[in-house]
Amino acid sequence: METTAPQAAPPTPGQPPAADARWGLPLAVLIVGMFMSVLDVTIVNVAIPSIQNDLGSTLDDVLWIATAYTLTLGVVVPLSSWLGDRFGLTTVYLITLLGFAAGSALCGLAWSLDSLILFRVVQAVPGGILPVITLTIVYQIVPRDRIGAAMGMYGLGIVFAPAAGPVLGGYLIEHTNWRLIFYINVPIGILGAIAAYAVLPHTRRGPRRPFDLPGFLAIAFGLFAILLASSEGEDWGWTSYPVLILATAGVLSLALFVVIELEVGHPLLDVRLFRHWQFTNSLLLLSILMIGLMSMLFYVPVFMQQGQGLTALEAGLRILPQALVVAVMMPIAGRLYDKVGPRWLAAIGLAVSAYGTYLLCDINPAMTEGDITLWTCVRAAGMGLAMMPIMTAGIASLPMSKVNQGSAWNNVSRQVAGALGLAALSAMATIHQAQLLANRSALLTADHLAQHGIRAASGPGEGDFLAMYGLFRRTQLEVLGDSYSNIFLVTAVLTAFGALLALALPSGPTPQPPPTPPPPRPSPARRSPRTRRRPHAHAGA
């Protein structure tokens with residue numbers, strides 16, 4: 001796939017590159033559109049209680065607002081590569097941006113829970129395609145020697161938006177209404193589409209290829225089944241028949257997808273890309289980073305609300321500094337990538353992130369705001385240093401004709417790794433909490449109860465019930481803290497393993513792409529042998 005944007009001329013010494021004027025503004029427009037789609041994944045989570053009170057539904061039913069969005073993302077992301085080739089990247093970007101704004105408006109107008117869930121599905125269709133198309137356009141318009149700096153700016157949306165979502169959502173809900181978290185996307189989407197139409201270069205359509213319907217059905221059902229099992233596993237039971245059937249069917253469907261893609265002439269997603277070890281390694285490392293990011297964004301705010309009595313907005317403000325650290329580190333990492341390559345940036349960043357995650361193992365009800373700020377900022381500094389070099393190195397290892405499919409695989413891996421990783425950690429936390437509560441309950445003897453002012457031998461008296469509730473509450477918070485500590489310990493070990501895996505990434509400055517040789521100019525004085533023979537053959541006739 002090619003773009004009509006001209007290639008950047010080599011900069012002269014002492015002057016900024018001439019390409020900045022060409023791709024700087026389009027990159028800013030792309031960041032706004034992608035930031036909006038990623039932000040909406042987490043901004044809705046803090047609105048769940050308000051939506052429940054307004055629409056009068058149970059918590060389990062309201063949670064389908066988030067579940068339906070996640071499931072739809074898993075289905076539509078594999079379509080992104082084919083749509084970009086079929087209709088052109090810029091055209092698909094404009095349509096999905098306006099479609100996301102329209103879906104957001106419908107969500108704000110929802111009159112019941114069923115309508116809101118339906119409109120969230122409508123919103124998720126362009127919301128899943130938008131990040132894939134955006135990443136592909138970035139690689140189309142940015143010269144390879146500046147891709148690190150560009151991706152450093154682009155990556156702010158991937159990491160900063162999920163962290164900013166709870167803060168912005170909490171503020172809007174506390175001061176306005178939950179519907180505004182959807183309405184706010186409408187003017188941003190319209191203005192972003194106008195700006196994109198004005199500044200984005202026109203991209204040609206890719207090679208026409210038939211739609212791989214069997215492959216799409218296989219991967220769509222496989223991802224849908226696995227994501228549904230991971231989302232509902234805690235409520236339905238991880239060993240229940242529905243969860244086991246969904247997980248088994250999902251794995252078999254994905255295996256069938258691999259077989260189909262290896263046999264068809266025009267695969268929906270080319271699984272042969274995994275032969276590029278640098279690309280495969282980048283997906284593994286991105287999955288590790290997403291598991292760490294999702295665990296921090298979920299468990300730390302939950303513990304601050306349950307263990308310290310903070311509101312959603314207050315908890316979001318406590319972890320906002322780490323998002324600011326990421327915003328500072330990513331552009332720095334992007335510029336360093338163009339000079340030193342991804343290996344050491346990724347390895348050092350993952351090691352720092354592992355240490356920061358290990359610091360979170362000290363989570364407890366008595367932790368201060370300074371503790372949370374320090375722990376999360378150390379972890380975020382490492383993540384900001386590692387994220388974009390890893391992603392950029394993986395995509396840059398592919399031929400330009402495969403960047404669109406590589407972008408789709410990139411988004412699929414991040415979505416699935418975040419959902420499955422969080423589900424696995426939640427299952428581990430639930431099992432560990434039940435075991436710890438059972439163990440500590442068995443240790444409650446009469447002497448231990450007496451130390452807390454509870455008369456177990458003569459029966460409960462006045463004030464004993466209050467003391468028992470206080471003891472239970474303290475025990476519950478201690479168990480909650482211990483289980484979350486184990487989660488962060490597992491995540492820290494996994495991230496440290498990623499630091500070792502990052503040593504396999506390439507090192508050194510970004511290689512310059514070879515110049516395209518000019519086409520040979522035909523010489524009118526020379527004629528081919530066939531041309532010289534034709535008059536003679538005619539005369540002989």
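The values are calculated or read from the model by the stated rules, or taken from the named source; none is laboratory data. From a predicted model like this one, the values you see are computed outputs, not experimental measurements. Methodologically, a virtual Cβ is constructed for each residue, glycine included, from the backbone with ideal geometry; neighbour enumeration extends over all protein chains shown. Side chains are part of the model used for accessible areas, which takes the heavy atoms of the whole protein and leaves out ligands, DNA and RNA. Shrake-Rupley method; radii C 1.70, N 1.55, O 1.52, S 1.80 Å.
Per Stokes-Einstein, at 20 °C and 1.002 mPa s, what whole-number D in µm² s⁻¹ belongs to segment 345-441, with the Kirkwood radius over Cα pairs as the hydrodynamic radius? Let's see the in-between values first.
Numbers: Rh = 16.2 Å.
In µm²/s, the coefficient is 132.
When Lys and Arg each count +1 and Asp and Glu each count -1, what net charge do the other residues less than 15 Å away from residue 54, Cβ to Cβ, add up to? Don't jump to the answer; show the numbers that get you there.
Values: positive: 179; negative: 61, 114, 174.
So the environment of residue 54 carries a net charge of -2.
Can you list the chymotrypsin sites (Phe, Trp or Tyr not before Pro) in segment 79-165 that are in a DSSP coil and have 13 or fewer other beta carbons within 10 angstrom? Please list the in-between numbers first.
On the way: sites: 82, 87, 93, 100, 111, 119, 139, 154, 160; in loops: 111.
In loop regions of segment 79-165 (DSSP not H, G, I, E or B), the sparsely surrounded chymotrypsin sites (Phe, Trp or Tyr not before Pro) are 111.
Say each of residue 311 and residue 373 gets a label point 7 Å from the Cα, pointing the same way as Cα to Cβ; how far apart are those two points in nm?
It works out to 2.1 nm between the two label points.
To the nearest 10 square angstrom, what accessible area does residue 234 show with a 1.4 Å probe?
100 Å²
Kindly report the accessible area of segment 80-239 per residue (heavy atoms of protein chains, probe 1.4 Å, no ligands, DNA or RNA), in Å². All intermediate terms of the calculation are to be shown ahead of the outcome.
Working: 5920 Å² over 160 residues.
Dividing the accessible area of segment 80-239 by its residue count gives 37 Å².
Leaving out ligands, DNA and RNA but keeping every protein chain, what accessible area does residue 387 have, in Å² rounded to the nearest 10, with a 1.4 Å probe?
About 0 Å², rounded to the nearest 10.
Run the accessible area of segment 116-162 with a 1.4 Å probe and give the carbon-and-sulfur part as a rounded percent.
On the way: 650 of 830 Å².
Carbon and sulfur together cover 78 percent of it.
To the nearest 0.05, what FRET efficiency results for residue 259 and residue 431 with a Förster distance of 35 Å applied to their C-beta separation?
Numbers: r = 35 Å, r/R0 = 1.00.
FRET efficiency, residue 259 to residue 431: 0.50.
Give the relative contact order (percent, whole number) for segment 160-314; include only Cα pairs under 8 Å separated by 6+ residues. Mind dumping the intermediate values first?
On the way: 87 pairs, mean separation 38.2, N = 155.
Relative contact order for segment 160-314 comes out at 25 percent.
Alpha carbon centre of segment 232-261 versus segment 124-179: separation in Å?
Segment 232-261 and segment 124-179 have Cα centres separated by 30 Å.
For an R0 of 45 angstrom, estimate the FRET efficiency from the Cβ-Cβ distance between residue 359 and residue 190 and round to the nearest 0.05. Each step should come with its number before you reach the end.
Numbers: r = 43 Å, r/R0 = 0.96.
According to the calculation, E is roughly 0.55.
Once phi is turned into ³J(HN,Hα) by the Karplus curve 6.51 cos²θ - 1.76 cosθ + 1.60 with θ = phi - 60°, what whole-Hz value does each residue of segment 137-145 show in order, with x for glycine and proline?
Computed from phi, the couplings for segment 137-145 are 5, 4, 6, 7, 9, 9, x, 4, 6 Hz.
Mind ranking 270, 235 by accessible surface for me, highest first, 1.4 Å probe?
On the way: 270 15, 235 95 Å².
The most accessible residue leads, giving 235, 270.
Mind giving me the FRET efficiency for residue 245 and residue 335? R0 is 45 Å, r the Cβ-Cβ distance, nearest 0.05 is fine.
Step by step, r from the Cβ atoms, then E = 0.35.
Residue-wise, which Karplus ³J(HN,Hα) couplings in Hz belong to segment 386-397, taking 6.51 cos²θ - 1.76 cosθ + 1.60, θ = phi - 60°, and x for glycine or proline?
These are the phi-based 3J(HN,Hα) values: 9, 4, 5, x, 5, 5, 5, 5, x, 5, 5, 6 Hz.
Just to make sure I understand: if all protein chains stay in place, what is the order of 212, 371 by accessible area at 1.4 Å, largest first? Numbers along the way, then the final one.
Values: 212 10, 371 55 Å².
The residues order as 371, 212, largest area first.
If you count only protein heavy atoms and use a 1.4 Å probe, how large is the accessible surface of residue 217, to the nearest 10 Å²?
Roll a 1.4 Å probe over it and residue 217 shows about 100 Å².
Given points 7 Å out from each Cα along the Cα-Cβ axis, report the residue 53 to residue 489 separation in nanometres with one decimal.
Going by the 7 Å Cα→Cβ label model, 3.9 nm.
Please give the residues of segment 297-322, grouped as numeric ranges, whose backbone N is less than 19 Å from a label point set 7 Å along the Cα-to-Cβ vector of residue 175.
Once the point is set 7 Å along Cα→Cβ of residue 175, 311-321 turn out to lie under 19 Å by backbone N, inside segment 297-322.
How many angstrom lie between the Cα centre of segment 327-371 and the Cα centre of segment 184-210?
34 Å
For every other residue with a beta carbon closer than 15 angstrom to the beta carbon of residue 216, add +1 if it is Lys or Arg and -1 if Asp or Glu, then tell me the sum.
Values: positive: 86, 209; negative: 85, 212, 261, 263, 270.
Surrounding charge for residue 216 is -3.
Would you mind computing, in nm to one decimal, how far apart the modelled labels at residue 121 and residue 91 are, each placed 7 Å from Cα along Cα→Cβ?
Each label point lies 7 Å from its Cα, and together they span 2.8 nm.
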